[in-house]
Amino acid sequence: MNLIFFLVLIVLSQAALGAQESTLMSKQQLGAALFFDVDLSAKRNQSCATCHNPSQAFVDPRKNKFVGAVSEGSIDGMFSARNSPSLSYASLIPEFGIDINGAYHGGFFYDGRAPNMKAQIEATLFNANEMALNNPQQLLRRLKENNNYVVAFKAYFGPNIFEEPEKIVEAASSLIVAFEKGPLFALFTSRYDRYLRGEYTLSDLEEKGRNLFFSDVSNCMGCHHSADATSDRNELFTDHKYHNIGLPPNQSLLEKNVLRNKSIDLGLAQNDAVGRKKVNLGKFRTPSLRNVAVTGPYMHNGVFSELSTAIHFYNHYIVTRETAGLNPETNKKWLESEISENIATGLLQRGQPISGERMEALIAFLKILTDKEYEHLIND
């Protein structure tokens, strides 16, 4: 049995046993139960774990008519407009705000509109394209159906908690956050982590990829390096900032109107907390590269299925479009950028084209960022 499944089963079985023995579940156990509870969705068919499956590095493994680029919600035919990100290491994302250089950073969803984890969960519960609950009162009623929840919620949040729907939302989301801040979500067990601890020796190709990644040749570190990391062992491989990298639209989402009559995704500019909308058009938060080899499709709109395609895409800004070749997934010319304003051209043009042996080495390095529990998912 996969270790992740085994650990989750322990958490859930302890919660169930505790309820049977009238022993109060811990907040983390209660949060785990809520995370896997399909009754907390409109049609009782979807839980947090549906789109963030713990056996798949907390992404959505379901393949639908969009090849997993976006996820179908509780209501049939309703799809999210963006790719479901991994929840691995999500608890280490800083709250949305402005850094010392005046740049937006942190926050949840690709545009940071949820400032923290709790706000992200609350939004998901009532999003028509996701869990699709109608209102806090409906969540309250669903929770009251489970006597174990009633006992635990009253113990932790007071005997009158079920008389206050808005506080029920806050309580439930805080419990799921407690679970998501647990060890299952930030394992640090990859070959890279073992290498840093002296427990693993990199192959020649992996070592070449590591040197390439941390060099000016590839400039991966321009976005995928955290200035806040206290050491290499804390590295999440993201600056947590927002950039417009000139991504093309996902044509299949446009053709089937997943964006609900919107022709483009404005990114950070859609965040109500963001001023100066024009200069923030098309910017999306840099994702962590941990477990990247097993968490495709890639980019906020899932436009690339393969990790190598995502790397090929960056060559656009280093070589001319005439010599950049074709999109290897479509065998057609690369599509124009969805939003041409604000593209971080200066940042993207640093470095050299990555292809051939360099491509092979860089991907070999990215694969060793996969936690041990998910290494069996890597396609060699």
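A few notes on this one:
- ALA155 being touching a residue at least 40 places away in the same chain (Cβ under 8 Å), among the hydrophobic types (A, V, I, L, M, F, W, C) and out of contact with any helix residue (DSSP H, G or I) (no Cβ under 9 Å at 6 or more places or on another chain): yes
- Boolean, ILE176 is buried (at least 19 other Cβ atoms within 10 Å of the Cβ), outside any loop (DSSP other than H, G, I, E, B) and touching a Cys at 6+ places or on another chain (Cβ under 9 Å): yes
- Some residue of the range 71-84 being modelled with pLDDT of 95 or more, among the aliphatic types (A, V, I, L, M) and open to solvent by 30 Å² or more (accessible area, probe 1.4 Å): yes
- Annotation note: Cβ proximity below 6 Å between a residue of the range 125-136 that is under 14 Å from ASP37 (Cβ atoms) and a residue that is at pLDDT 95 or above and among the β-branched types (Val, Ile, Thr) (sequence gap 6+ or interchain) occurs for MET131/THR124.
- Filtering the range 342-353 to residues that are under 25 Å from the mean Cα position of the chain (by Cα) and in a loop (DSSP other than H, G, I, E, B) leaves ASN342, ALA344.
- Residue match in the range 225-246 (condition: open to solvent by 10 Å² or more (accessible area, probe 1.4 Å), of a type in the set (Lys, Arg) and modelled with pLDDT of 95 or more): yes
- Selection within the range 330-359 - in contact with a Leu (Cβ under 7 Å, 6 or more places away or on another chain), touching a residue at least 60 places away in the same chain (Cβ under 8 Å) and open to solvent by 40 Å² or more (accessible area, probe 1.4 Å): GLU341, ASN342, ARG358
- Screening SER86 against (1) more than 26 Å from LEU281 (Cβ to Cβ); (2) assigned to a loop (DSSP other than H, G, I, E, B) leaves a single unmet condition, (1).
- Subset of the range 85-119 (residues that are open to solvent by less than 40 Å² (accessible area, probe 1.4 Å), at pLDDT below 95 and not aliphatic (A, V, I, L, M)): ASP99
- Among (1) over 22 Å from ASN271 (Cβ atoms); (2) out of contact with any Lys or Arg (no Cβ under 8 Å at 6 or more places or on another chain); (3) among the small types (Gly, Ala, Ser) - the single one GLY102 does not satisfy: (1)
- Looking only at the range 283-329, and only at residues there that are of a type in the set (A, V, I, L, M, F, W, C), part of a loop (DSSP other than H, G, I, E, B) and surrounded by fewer than 20 Cβ atoms within 10 Å (Cβ to Cβ), the one that is modelled with the highest pLDDT: LEU326
- Residue satisfying all of: in the range 201-221; charged (D, E, K, R) and open to solvent by 30 Å² or more (accessible area, probe 1.4 Å); nearest to ILE245 (Cα to Cα) among these: ASP216
- One residue stands out in the range 179-200 among those that are open to solvent by 20 Å² or more (accessible area, probe 1.4 Å) and of a type in the set (Phe, Trp, Tyr): the one that is farthest from GLN349 (Cα to Cα), namely TYR200.
- Of the set (1) part of a loop (DSSP other than H, G, I, E, B); (2) open to solvent by 60 Å² or more (accessible area, probe 1.4 Å), all apply to LYS167 but (1).
- Just one of the numbered conditions (1) more than 17 Å from ILE168 (Cα to Cα); (2) open to solvent by 30 Å² or more (accessible area, probe 1.4 Å) is not true of GLU122: (1).
The values are calculated or read from the model by the stated rules, or taken from the named source; none is laboratory data. Quick caveat, the model's predicted, so the values are computed rather than measured. All Cβ positions, glycine included, derive from the backbone under ideal geometry; neighbour counts span all protein chains shown. Keep in mind that these areas ignore ligands, DNA and RNA; they rest on the heavy atoms of the full protein, side chains included. Shrake-Rupley method; radii C 1.70, N 1.55, O 1.52, S 1.80 Å.
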